[in-house]
Amino acid sequence: MGAELRRDDMAEAAVKPIRDSVAFRFVEHVLQSVRMDPLLVDPYDMDQYNKMVSTLDTSKKKTPDEEALYVTTLKALSEAVSKIDITYHHLLLNNIFTIRIWYLQRDTLDAFLDLITRLAAVADQYLRECLQMLVNNFTPPLVQRNELPRWAVSRKKDIFFHLCESLKTISDTVPLAPRILRDIIDRSMPKLFDNKAKMVSFVECMLGLDTDRMGDLIGATLLAKVVDLLTELDVNITWEDIIQGEHNKGIFEMELEDLNEDEDGLGQAGTKVLFGGNACAEKLDSLMVVVCEHLKSCAERGYLDKEFDILKAIFRASVLRVHRSKFCQFIMFYACSLDPKICGLEFAFFLTEIFLNKEEDPISRMSAVSYVGSYLSRARFISADTVLAILKKIVDWCDEYCVLQNRGTTANPNHQIFYGACQAVMYVLCFRLRSIMDYPNLKAQLFQLSFGFILNHRLEPLKVCLPSIVNEFLRQAKDAGLFAASMYSAAEDAIESDLSRAFGGINRLDTFFPFDPYLLKESDRYIRPNFEFWSMVKTTYSNDKDDDDDELLDLDAPEMNVGSLDDHVEIDINSDDDELEYSMNKMSITPHHSFYHGMAADGGDAGLSMPARIRPSASPPSRWAMSGSP
């Protein structure tokens, strides 16, 4: 029987159906017959082995009979994995580990992945190679011009499902697999200048692993790698690149009084044109869509709370102190919007605790208070009572700091943190004061806070914080009667001074409002429904708006686009302002001091309308140390 089986020809099997059991025995015999020195192998057995190896070659299109033989061979190899030896079967293994499963038909795909999961379970043999082969298939072949081939798009969901299932099966079978998989994914992660379609495909498939038990094993690592990639793309997007892509201009100064209408009417297309020339922005936009869809899926499966805990830790380690980030932090915003009662509240208090923690470094505390100020202002899903609870914590800290300054008992004074906290409080109240005042119980609590003592303190926060925020806050506070009338006359003298220009040191945290309007076109749909634009804000003086205020109402409205704004901008290409400070300023809505003086000249009593998408020119380099008295 063995002799008859030995003489059975593989070519005949291609045209003449044979039973699986016969094929299995034949493949096992061929594998065993070549496990010796090549010079000792029977020439016929070597010929049959070479034919089996060529059967696994996917470079040529197969006939239906050849495809059937392919499936049979794969199944037979699955039953004979114990006979496969790296020393004698390296050609066979090479063909297996270089297969692109995107080309395989459905039955062939199932048979091949079954072979891979069985090979991976062979002790101390092929685990790493099997995992690497599966990860290599996270991206389809022939990715060109940043687009997937049509046939690959139609198969993507099914391919990703099978890849993830195979990896989960291997991880359940081999305890060592998750650790090796983490290392392989780390080394295989897309790089900054990789093809966009390849980058998106890899991340989309990778996040498919972040579920159930697999997520518990490597979920934190997967998310951390994705956030690192988002951050790297983000910091490589400069406002100079985005603006020059449309205007070919450099540093500029924008004054709100020059922005009366959208002359070009570019609409959403204008925004796309601005970002169209920036590859990093386009890649980040697409990846943000993938991450938001992943978070949405987690929420639908009841898994968001675990994912959010991981995200918080990643945010704390990788994003909080990155002051050139403009968009990647919005994954936290979106996650919070999916579960406002738990994640939304948790994030607000998480940031507040970092700010209040004296053991934290000054940069982290400054960044945290900037984040919480921007978050409370922009998150429509955060209730007025939560806003007030956070404000009370910050105001109480400011009050205590002022008291310690009066006593001279502050061991290591850091006025920068104090000014950052004051500015955050005023910024939040510019957006939320009216909503707090609408509730009598909250209004009563707000009026008990020691604004007058803090803002009239000898540290003079009104002269240090940004004038646009100070004046808008004072206008609303005056209308609401927030503190004594005597304070307003003194506060009206607060103009931009050397202190204000220097505030923030080299990091310019004073102009860092992390949740400024989101400018990425495709992923904007996840952020917009829960984002508070300035045009939506009801101020305490809303009934007193004049015609000029009405003209400015839509500067930050949902239909507004950055392209239409930029056409009104005057640009000074000879500016010598520091590049780092400039890039930080471009992250902010904060208007330049010329905007303040221009409005004041037109009539100080009218007050300022808070712009929400203004990019200021850079302030002069800082002359003020990180800590110490102003």
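Structure values in brief
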read-out: Filter result (under 30 Å from the mean Cα position of the chain (by Cα) and either under 17 Å from PHE483 (Cα atoms) or among the basic types (Lys, Arg) (or both)) within the range 393-422; value: LYS393, CYS422
read-out: Hits in the range 191-225 - residues which are open to solvent by 10 Å² or more (accessible area, probe 1.4 Å), assigned to a loop (DSSP other than H, G, I, E, B) and not basic (Lys, Arg); value: LEU192, PHE193, ASP194, ASN195, GLY208, THR211
read-out: Residue tally, condition among the aliphatic types (A, V, I, L, M) and free of Cβ contacts under 8 Å to residues at least 60 places away in the same chain, over the range 318-345; value: 6
read-out: Exclusive hit being modelled with pLDDT of 90 or more, closer than 22 Å to THR540 by Cβ and in a helix (DSSP H, G or I), set CYS422, CYS402; value: CYS422
read-out: Search result, residues across the range 371-399 that are of a type in the set (D, E, K, R) and in a helix (DSSP H, G or I); value: ARG378, ASP385, LYS392, LYS393, ASP396, ASP399
read-out: Residue satisfying condition, being out of contact with any Ser or Thr (no Cβ under 9 Å at 6 or more places or on another chain) and farther than 20 Å from LYS312 by Cα, within set TYR401, TYR375, TYR419; value: TYR419
read-out: Filtered residues of the range 437-462 (kept if surrounded by fewer than 20 Cβ atoms within 10 Å (Cβ to Cβ) and within 36 Å of the chain's Cα centre (by Cα)); value: ASP438, TYR439, LEU442
read-out: Only listed residue being open to solvent by 10 Å² or more (accessible area, probe 1.4 Å) and in contact with a helix residue (DSSP H, G or I) (Cβ under 6 Å, 6 or more places away or on another chain), chosen from LEU338, LEU376; value: LEU338
read-out: Wholly within the range 450-501, helices (runs of 4 or more DSSP H) carrying at least 2 residues that are modelled with pLDDT of 90 or more and not hydrophobic (A, V, I, L, M, F, W, C); value: 467-480
read-out: Pairs, first on the phi < 0 side of the Ramachandran plot and open to solvent by 60 Å² or more (accessible area, probe 1.4 Å) in the range 77-94, second among the β-branched types (Val, Ile, Thr) and in a helix (DSSP H, G or I), C-beta under 6 Å, six or more apart; value: LEU91/VAL53
read-out: Residue ID - farthest from the chain's Cα centre (by Cα), chosen from residues in the range 160-190 that are open to solvent by 20 Å² or more (accessible area, probe 1.4 Å), among the hydroxyl-bearing types (Ser, Thr, Tyr) and closer than 19 Å to ASP110 by Cβ; value: THR173
read-out: Any hit, the range 346-356, residues being charged (D, E, K, R), touching a helix residue (DSSP H, G or I) at 6+ places or on another chain (Cβ under 6 Å) and on the phi < 0 side of the Ramachandran plot; value: no
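Okay, residues lined up against (1) open to solvent by less than 60 Å² (accessible area, probe 1.4 Å); (2) among the aliphatic types (A, V, I, L, M):
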| position | (1), (2) |
| --- | --- |
| ILE99 | yes, yes |
| LEU115 | yes, yes |
| ARG118 | no, no |
| ASP124 | no, no |
| GLU129 | no, no |
| LEU134 | yes, yes |
| ARG150 | no, no |
| ASP158 | yes, no |
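The values are calculated or read from the model by the stated rules, or taken from the named source; none is laboratory data. Note that the structure is a prediction, hence the values are computed from the model and not measured. Neighbour counts run over all protein chains shown; Cβ positions are idealised from the backbone, glycine included. Quick note on the areas: whole protein, heavy atoms, side chains included, nothing else; ligands and nucleic acids left out. Shrake-Rupley method; radii C 1.70, N 1.55, O 1.52, S 1.80 Å.
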